[in-house]
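Read-outs: derived from the displayed coordinates by stated rules, not from any lab. The structure displayed is predicted, hence computed values, not measured ones. As a convention, Cβ positions derive from the backbone with ideal geometry for all residues, glycine included, and neighbour counts pool all protein chains shown.
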Amino acid sequence: MRAPLSWIRDFTPADAPIDEIVAALNQLGLEVDAVEEPGREVRGVRVARILEVLPHPDADKLQLADVDFGDGQTRVVCGAPNIAAGMVVPFAPSGATLPGGFTLERRKIRGQVSDGMLCSAKELGLGDDHSGILALAPDAVLGDDVRPLLGLDDVVFDLAITPNRPDAMGIVGVARELAAHFRQPFTVPDPVVVTDPGVAITVPVLIEAPDRCPRYLARVAEVTVGPSPEWMRARLLKAGVRSISNVVDVTNYVLLERNQPLHAFDLDRLAGPGIVVRTATAGERMTTLDGVERELEPTDLLICDADRAPQALAGIMGGGDSEVGPTTTRILLESAYFERMGIARTSKRVKLRSESSARFERGTDPDGVAVAADRALELLVAVAAARVAPGSVDEYPAPVVRPTITVRTAKVNAVLGTTLSGAEVREALAPLGIDLAGDGEVFEAVPPSFRPDLDREIDLVEEVARRIGFAAIGRTVPKPEHQVGALSRRQRDRRLVADALVGAGYSEAVTIPLVSPEAVARFSDAPPVVVANPLRSEESVLRSTLLPGLAAVAAHNGARGLADLAVFELGRVFLRPDPDALLPREPECVAGLRTGTVRRTPVEPDRPVDAHDAVDALRSVLDALGTDAVRIEAAPVVGLDPVASARVLADGHPVGVVGVVDPRVVDALGLASPAVAFELDLDALAAAPTRDRQFRSVSPFPPSNVDLAFVVPDTTAAADLVAALSGAVGPLAESVRCFDEFRGESLGPDRRSLAFALRLRAPDRTLTDSEVAEVRERAITAAGALGAVLRG
Amino acid sequence: MNLADALALLERSAAEAAAAVVGAASLDDLASVERDWLGKRSPATAVNEAIKTFGPDERPRAGQAVGAYRAAVTDAVAVRRSELEAAAAADRGPGLDLTLGGHGAVRGHLHLVTQIRRELEDIFVGLGYRIAEGPEVEDDWHNFEALNIPPAHPARSMQDTLYIELGRPEQVMLRTHTSPVQIRTMETQEPPIYVVAPGRTYRNETLDARHSPAFHQMECLAVDRGLTMADLFGTIEAFAKRLFDDESVRTRFRSDFFPYTEPSAELAVSCVFCHQRGCRVCSHTGWIELGGCGMVDPNVFVQVGIDPEEWQGFAFGFGLERIAMIRYGIDEIRTFFDNDQRFLEQY
């Protein structure tokens, strides 16, 4: 909210330097977003009366105005359409300065000399109104400086009020806080309302939903609708509210000052003088002041006339036909207290937040309803020639009870880490309007009715903290005594995996898990978890695989000419919930994507990336985790090339995929070609067996190396042969490695040659030739069982 | 052999050895020459043998002569060896140009958010904390209700929530903060509790320079007997000093509102870039706002079955991207999620 200092000073001196006031507001939790001095640069602008308006001889849209500024007369050129003889206006003569440091000079405009200018509100730094020259009060003294008249010597604090402090959304609330902080007097004068027995109207009020509207007060007055006086217009403008008419301005003025939203109905446009407060019926409709027809629900609260026709969406916005207009002569003034949650629900449902609803949903002062109405009537008498009907209808069947809260000085100190005395606690709380009874160790505190946020001991502890200031609280560092700080096994594994991939040349990407359904469907046929209220389709489902995100990273970089890319991501993916669960499954995965060329020139030739690069990266992850019993098995994978893709199994359970990205996907996304990828489910891997870590002594004896080449059918995987050879050789097989793959016409169709290097070694001796020969035979037999024929 | 014979032999040998050394055509030749003239069958060895038969006054003279001979031949061999080695190297052709570099990229880079996250985790582990984690898709209870944010509470409008099509309307959502991890930790763990919870959080915003639908936060929760607001402030200050590696960092707290803490405060640290003289990073205020903090609200303790009279706690949280942006002068949050190779490789 915007709080002009001049307004605050109606209630407390607040005469400290501006920076001290700002510091105080910040400490108190009324955060100062900005300090504005709208008129700081305005110098030499004076009150003038327009004597005569003449057409500009050479310009259709310009006029000449002769003005009288008290001790002289002159002529200016003016482009505003609203000027007329007799109007009193702000006049900036040559030599005057305006916001922005702009100094006026006497100059010719389309051939006519202009000795300064007439100013709009915006040109004086008073808000955004630039539709015409600002009209000053007709009785303003000609020649006077406009600064005091328009309050241009004022300072406006733009405050960010937290939702727990509705009271601070009113000027009085801000003044109360500052008065307490600076230990200065704080006075809110009681409004004086002169009533007129000649205006005698009874307005029955029927509250049908007292739980939603605990209090409803109605007053009646005859008014003369017209413009507001300058001081009120200027004050509202500085608070960010445009002037509409004196009656509407008064309701806004009291809202800003007292935090009590008011509504003025045109009494003669209500069907019968009476108010019914009721909930809506299903399917009922009404048109609010903003011109929108709204369908209502039974949870919406309505203010209706005697015919039960809706005239306002209670606490949110007026409507119906009862809006105050230029022809209004009699008003019904509503001052009410609405239950907070009901207003919040309706306001959220109809997506309509107003100055009123923002206050009601945070909690207004149920005991401030009558005094706010009085304040409005006092002002209406002053600015709208109101004749106020005596008496009010005040339906308040079950007055809101203020809580009594026990506050222990010891608890205050225990929470804050302070050593305050009971007297200091009392001194902190009393100026906030909190009634305190007690001996200093324990208080019985009754918070004021305008502070709905105070109903527990801890709420008052916070008030003490705000009042003494956080700077008064010490700095100590607690040390956990029951535990040692450490990462869990899983958290350490996560770091190992990322570090392994970094070591393998992959950089980590962090992408946003919200993607488009099309993007995720490219790499997964599982139905994704769907966002109910996405802003756009590109962010409407959650990823069920990390690959769409990495593909987007590759596309982004490719579009910037960075085609050779190796990236990985480690993070959660989202799968639809298990049958009895509410929340999705969120396995943690790691995926890598590599595109373009492996650069090895000038030392060796470049080569395109291939699937084996992805296998290398995958193996670096598995090695970092120590995962054992891993198999790679050719299989079709969504998004990967069917002839170059595989599943990864650990101990027989699927843990991931690897392969070449489907060329159709590469084309569709405009990726650099080729692209290879892998993805592993770290949750599944966490359950997989890991390498035996029991120490095995290393044999000091020399190895025996045996090379074997076989002709095998294409359907036999190299890994299966390695496994068969290792199994056949048994513990003597220190390593079995495929070192050559060869295809040729001599081998026949659908066959290839695979060559293996076996390194044999015994722990306790050098193997004899006959032992090696025997092992060799066993290996050949085992390979033969898989259809492998030893090459001659 | 008498002394005169010995001296003559050494003089003659020295001349012959010098000629042989110069005449050696290869390193192998030279090794053989060195053996002939300095080895076990060399004149020097012969003289040394003969010295035992010389008179006591002759021995020093003979010894000196042997030493001079050995030094002269050894020096000559060394000179010739370096000549021959240089010639051999020249025969291998031009040297390798190692400025050509290696085969290619040697290692990748961790994302900046991960680097910051690890750094923060390590600071808190050093302070004795454990790392807690929770799901990114949350239910209404953990994200709002247990945190003292009932339905239609005005604080819910502070959060632009992305809801998920699961359960009742608005029952399941992408977590709007890491605070639900506080609840999950307190539901499953008896106090005392000292944890930090880093993780991804979501808002209903479209990615642009200043907004992102996902970003990262870190939450700290401590629950113990007798924890005070001074403990909260002291912990934050200790953490901030490590984060900025600057013992002069100070902290500032201003009253604020969060439904799940009371008292609540906004936390700021003194600007480490200008030491409060005023700079762009701190917008010339001398202070950098980092996040929010407060004492755990007793209502939150009640929701998870912890007795607020026995236990007190504190919590604070802040954004990881924000810390990186402050530290490295990054202007746009989308930079983190574009994952441009040049950005990834800068850190």
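Placing one equal scatterer on every Cα of region B:3-95 and applying the Debye formula, the log10 ratio I(q)/I(0) at q = 0.10, 0.20, 0.22, 0.23 Å⁻¹ is -0.32, -0.88, -1.00, -1.06. Fully extending the segment from A:V603 to A:V477 would add 39.7 nm, taking 0.36 nm per residue of separation and subtracting the current Cα-Cα distance.
Of the candidates B:D224, B:D97, B:D75, which one comes out as most mobile in a Gaussian network treatment of chain B with C-alpha springs shorter than 10 Å? Result for chain B, Cα springs under 10 Å: B:D75 fluctuates most.
Indicate the gyration tensor shape class of region A:489-686 (rounded, prolate or oblate), computed on the Cα atoms with a ≥ b ≥ c the square roots of the eigenvalues: a/c under 1.5 is rounded; otherwise a/b larger than b/c is prolate and the rest oblate.
Details: a/c = 1.65, a/b = 1.19, b/c = 1.39.
Here region A:489-686 falls in the oblate category.
Scaled against the 2.2 N^0.38 Å expected of a compact globular protein of N residues, the Cα radius of gyration of region A:1-57 reads 1.83.
With contributions of -39500 (n - 2.57) from each DSSP H run of at least four residues, the per-residue ellipticity at 222 nm computed over chain A stands at -7500 deg cm²/dmol. Pairs of Lys residues in the protein assembly as shown, spaced 8 or more positions apart or belonging to different chains, with C-alpha separations under 28 angstrom: 8 in total. When the Cα atoms of region A:704-790 are aligned to their principal axes, the ranges along those axes come out at 45, 19, 18 Å in descending order.
Exposure proxy shown here: for A:I18, A:I434, A:I458, the number of other Cβ atoms within 10 Å sets the order, fewest to most, as A:I18, A:I434, A:I458.
Candidates A:F265, A:T287, A:I275 compared by Cα position along the dipole of region A:260-317: farthest toward the positive end lies A:I275, with charges placed on Cβ. Using the rule -39500 (n - 2.57) for each DSSP H run of four or more residues, divided by the residues of chain B, the 222 nm mean residue ellipticity is -13000 deg cm²/dmol.
Counting alpha carbon pairs within less than 8 Å and at least 6 residues apart, what relative contact order, in whole percent, applies to region A:550-608?
Details: 79 pairs, mean separation 18.6, N = 59.
So the answer I get is 32 percent.
Residues with beta-carbon under 13 Å from that of A:R46, excluding A:R46: net charge, scoring Lys, Arg +1 and Asp, Glu -1?
That works out to -2.
Tell me, what is the FRET efficiency for A:A34 and A:D290 to the nearest 0.05, using R0 = 35 angstrom and their Cβ-Cβ distance as r?
Numbers: r = 28 Å, r/R0 = 0.80.
About 0.80, to the nearest 0.05.
Taking Cβ atoms as reference points and 10 Å as the exclusive limit, the residues near A:P713 contribute a net charge of 0, counting Lys and Arg as +1 and Asp and Glu as -1. Normalised by 2.2 N^0.38 Å, where N is the number of residues, the C-alpha radius of gyration of region B:264-308 stands at 1.79.
Only Cα pairs under 8 Å and at least 6 apart count here; give the relative contact order of chain B as a rounded whole percent.
Numbers: 516 pairs, mean separation 49.4, N = 347.
So the answer I get is 14 percent.
Based on alpha-carbon atoms only, what is the radius of gyration of region A:695-749 relative to the globular estimate 2.2 N^0.38 Å? All intermediate terms of the calculation are to be shown ahead of the outcome.
Numbers: Rg = 14.5 Å, N = 55, 2.2 N^0.38 = 10.1 Å.
That ratio works out to 1.44.
Each of A:D15 and A:E444 was given a label point 7 Å from its Cα along the Cα-to-Cβ line. The distance between the two points is 4.1 nm. For region A:46-150, the square roots of the Cα gyration tensor eigenvalues, ordered a ≥ b ≥ c, give a/c below 1.5, which places it in the rounded category. The Rg/Rh ratio for region A:205-395, using Cα coordinates for both the radius of gyration and the Kirkwood hydrodynamic radius, is 0.94.
Quick one: putting +1 on the C-beta of Lys and Arg, -1 on the C-beta of Asp and Glu, what dipole do you get for region B:1-153 around its Cα centre, in Debye to the nearest 20? Intermediate results must be reported in sequence, preceding the final value.
Working: 15 positive and 24 negative charges, 262 e Å.
The dipole magnitude comes to about 1260 debye.
What's the magnitude of the charge dipole for region B:112-346 around its Cα centre, counting Lys and Arg as +1 and Asp and Glu as -1 at the beta-carbon? Answer in Debye, nearest 20. Write down the numbers at each step before the final one.
Numbers: 22 positive and 37 negative charges, 155 e Å.
In debye, rounded to 20, region B:112-346 gives about 740.
Once you reduce region A:644-671 and region B:203-251 to the center of their Cα atoms, the two points are 40 Å from each other.
At a Förster radius of 45 Å, what calculated FRET efficiency corresponds to the Cβ-Cβ distance of A:V638 and A:R693, to the nearest 0.05? Show your work: numbers first, answer last.
Details: r = 36 Å, r/R0 = 0.81.
For A:V638 and A:R693, the calculated efficiency is 0.80.
Measuring between their Cα centroids, region A:747-792 and region A:1-79 lie 98 Å from each other.
One Cα centroid belongs to region A:481-522, the other to region A:112-131; the line between them spans 60 Å. Of the three principal axes defined by the Cα atoms of chain B, the extents in descending order read 120, 48, 45 Å.
Tell me, in nm to one decimal, what length is gained between A:A282 and A:K61 on full extension, where the rule is 0.36 nm per residue of separation less the Cα-Cα distance?
Working: separation 221, 0.36 × 221 = 79.56 nm, distance 5.43 nm.
Gain on stretching A:A282 to A:K61: 74.1 nm.
Computed from the Cβ-Cβ distance with R0 of 35 Å, the FRET efficiency linking B:A8 to B:R92 stands at 0.20.
Where nothing but the Cβ of Lys and Arg (+1) and of Asp and Glu (-1) is charged, how large is the charge dipole of the protein assembly as shown around its Cα centre, in debye to the nearest 20? Don't jump to the answer; show the numbers that get you there.
Working: 118 positive and 165 negative charges, 396 e Å.
Taking the Cα centre of the protein assembly as shown as origin, the dipole is about 1900 debye.
Across the options A:A370, A:T346, A:I331, the greatest Cα extent toward the positive end of the charge dipole of region A:205-395 (unit charges at beta carbon of Lys, Arg, Asp, Glu) belongs to A:T346. With the convex hull of the Cα atoms taken as the outline of the protein assembly as shown, the averaged projected area works out to 76.1 nm². In this simple spin-label model, placing a label point 7 Å from the Cα along the Cα-to-Cβ direction at both B:R81 and B:D246 gives a separation of 5.9 nm.
Along the axis of the charge dipole computed for region A:205-395 (Cβ charges of +1 for Lys and Arg, -1 for Asp and Glu, origin at the Cα centre), the listed residues A:I303, A:M317, A:P390 are led at the positive end by A:M317.
Pairs of C-alpha atoms in region A:405-472 farther apart than 15 Å represent 42 percent of all such pairs. Here the spin labels are modelled as points 7 Å beyond Cα on the Cα-Cβ line, and at A:D139 and B:T74 they lie 12.1 nm apart. Electrostatic bookkeeping for A:F69 treats Lys and Arg as +1 and Asp and Glu as -1; over the other residues with beta carbon under 14 Å from its beta carbon, the sum is -3.
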